[in-house]
1. Residue check: is Val75 within 18 Å of Thr169 (Cα to Cα), among the β-branched types (Val, Ile, Thr) and either in contact with a helix residue (DSSP H, G or I) (Cβ under 9 Å, 6 or more places away or on another chain) or surrounded by fewer than 18 Cβ atoms within 10 Å (Cβ to Cβ) (or both)?
2. Please verify whether segment 59-70 includes one or more residues that are in a strand (DSSP E or B) and touching a strand residue (DSSP E or B) at 6+ places or on another chain (Cβ under 7 Å).
3. Please work out which one of (1) modelled with pLDDT of 90 or more; (2) surrounded by fewer than 10 Cβ atoms within 10 Å (Cβ to Cβ); (3) assigned to a strand (DSSP E or B) is the condition Met129 fails and give its number.
4. Are any of the residues in segment 148-165 within 24 Å of Ala73 (Cβ to Cβ), modelled with pLDDT of 95 or more and in a strand (DSSP E or B)?
5. Where residues in segment 78-95 are assigned to a loop (DSSP other than H, G, I, E, B) and not aliphatic (A, V, I, L, M), which of them is surrounded by the most Cβ atoms within 10 Å (Cβ to Cβ)?
6. Considering only residues that are out of contact with any Lys or Arg (no Cβ under 7 Å at 6 or more places or on another chain) and β-branched (Val, Ile, Thr), look in segment 84-126 and name the one that is modelled with the lowest pLDDT.
7. When you look at Val98, is it more than 28 Å from Gln149 (Cα to Cα), crowded, with 17+ Cβ neighbours inside 10 Å and of a type in the set (Val, Ile, Thr), yes or no?
Amino acid sequence: MENNNEDRLARRRQQTYMTEHEMLAVISSDHFTVPMTINRTQYTLYRGRRSAIVVTLRFNVSSPQFSFDYVAAQVVAQLDLFFPDQALLSCCTAYDFVLVNNSGPERSYYIWTANSNRSGFNETEDATMSFTHTNVHRYCREAMNVDIQTLGINFHNSNCTIDRLLALTLSFIV
């Protein structure tokens, strides 16, 4: 029985962690190189709200277009399509990054994606703002001012550290 458990754990590690070569191949795919992706979903029930609209914009930092001007312009343009001026928005910032585990004989990598790795949410981490272009610009500037060391605090008790930032994910909920 003990060998069965060890085999299962070894297979699980193999499925989640990659070699550097595998990680580099994954992050060179379109998902990690296109400038931006957009998802707009209307939920019947979302975080205790009825009939919520969630607009999520994901910006790849390795894209040549990635800059404050590009991010702010895209966010404003998309929010203008879906929300009226002065709408009260809940805003959530998250990041995709590569984790590296240095504890084994060889480094192994794991791609942490903001929306799929988040097991829950903390409303105190969300910001609330009236939808104005000025507020969006301020919010984007703050979101882009990311400190990798601060993000790494989530992995303080593991053998992992953040190797690199991949994407900025901004969600707006009304």
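The values are calculated or read from the model by the stated rules, or taken from the named source; none is laboratory data. For clarity, every value in this text was computed on a predicted model and none was experimentally measured. Because the Cβ atoms are built from the backbone with ideal geometry, glycine has one as well, and the counts that use them run over all protein chains shown.
1. Numbers: within 18 Å of Thr169 (Cα to Cα): yes; among the β-branched types (Val, Ile, Thr): yes; either in contact with a helix residue (DSSP H, G or I) (Cβ under 9 Å, 6 or more places away or on another chain) or surrounded by fewer than 18 Cβ atoms within 10 Å (Cβ to Cβ) (or both): yes.
Answer is yes for this residue.
2. Just the residues of segment 59-70 that are in a strand (DSSP E or B), to begin with: 59-60.
In the following step, the residues that additionally are touching a strand residue (DSSP E or B) at 6+ places or on another chain (Cβ under 7 Å) were identified as 59-60.
Yes, some residue in segment 59-70 is in a strand (DSSP E or B) and touching a strand residue (DSSP E or B) at 6+ places or on another chain (Cβ under 7 Å).
3. Going through (1) modelled with pLDDT of 90 or more; (2) surrounded by fewer than 10 Cβ atoms within 10 Å (Cβ to Cβ); (3) assigned to a strand (DSSP E or B) one by one, Met129 breaks only (2).
4. Here is the first cut: in segment 148-165, the ones within 24 Å of Ala73 (Cβ to Cβ) are 165.
Still in the running and modelled with pLDDT of 95 or more: none.
Within segment 148-165 (the criterion being within 24 Å of Ala73 (Cβ to Cβ), modelled with pLDDT of 95 or more and in a strand (DSSP E or B)), the answer is no, since none of the residues qualifies.
5. Of all residues in segment 78-95, those assigned to a loop (DSSP other than H, G, I, E, B) come to 83-87.
If we keep only those that are not aliphatic (A, V, I, L, M) as well, we get 83-86.
On the way: Phe83: 17, Pro84: 9, Asp85: 10, Gln86: 10.
Selected residue: Phe83.
6. Thr124
7. Values: more than 28 Å from Gln149 (Cα to Cα): no; crowded, with 17+ Cβ neighbours inside 10 Å: yes; of a type in the set (Val, Ile, Thr): yes.
Criteria not met by Val98.
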